[in-house]
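Data first, discussion second: the structure below is written as structure tokens.
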Amino acid sequence: MAEHGGTASSFNKNTEDNRHLGRKRTYRKQLAKGEALPAYQAGYASLQAIFPTVAKQIGFDKKLAELALLAAWNGIVGNPLAATTKAIKIQQRGNQQRLLVAVQNPSLATELSFQLAQLLSKLNKLAPQTGITLQGIDVKVGGVF
């Protein structure tokens with residue numbers, strides 16, 4: 001009798017193991033085909049799906065936007081100025097957002113001052129992607145190079 005009970009128990013376990021393996025095989029085939037996750041795994045959210053919400057909740061979305069704008073600086077100013085200038089950060093002054101740019105020497109600061117309106121216009125064209133509209137550019141001589 002005990003032997004029969006053990007057999008029934010092992011039968012149930014083997015059946016459950018086979019079902020599990022079957023679900024695993026089906027899942028792998030679905031992944032290979034790029035199909036949606038099966039219903040038994042639908043309770044899990046991907047990081048890609050939840051990242052925008054979490055980033056917004058902790059304020060990380062603003063930092064990502066700022067980094068995107070800073071990264072665009074070299075492309076906007078072009079090769080000669082990109083090597084000798086660096087966009088440092090976006091500063092909040094009252095209700096204005098201003099870009100702080102470091103230059104290697106005073107003559108570059110003067111050169112940039114002639115182009116500030118044009119550079120500001122180019123940077124603000126990125127506002128739909130970044131959500132940042134700058135009201136001005138501040139130039140600092142020296143800094144990190």
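List of remarks:
- Residue list for the range 131-145, filter: part of a strand (DSSP E or B) and either closer than 21 Å to LEU64 by Cα or out of contact with any helix residue (DSSP H, G or I) (no Cβ under 9 Å at 6 or more places or on another chain) (or both): GLY136, ILE137, ASP138
- Within the set ALA109, ALA127, ALA83, the sole residue that is farther than 20 Å from LYS63 by Cα and either loosely packed, with under 14 Cβ neighbours inside 10 Å or touching a residue at least 40 places away in the same chain (Cβ under 8 Å) (or both) turns out to be ALA83.
- Within the span defined as the range 107-127, every residue fails to be modelled with pLDDT under 90, under 25 Å from the mean Cα position of the chain (by Cα) and not hydrophobic (A, V, I, L, M, F, W, C).
The values are calculated or read from the model by the stated rules, or taken from the named source; none is laboratory data. Since this is a predicted model, take the numbers as computed values, not measurements. Counting neighbours? That spans all protein chains shown, and the Cβs are built from the backbone with ideal geometry, glycine included.
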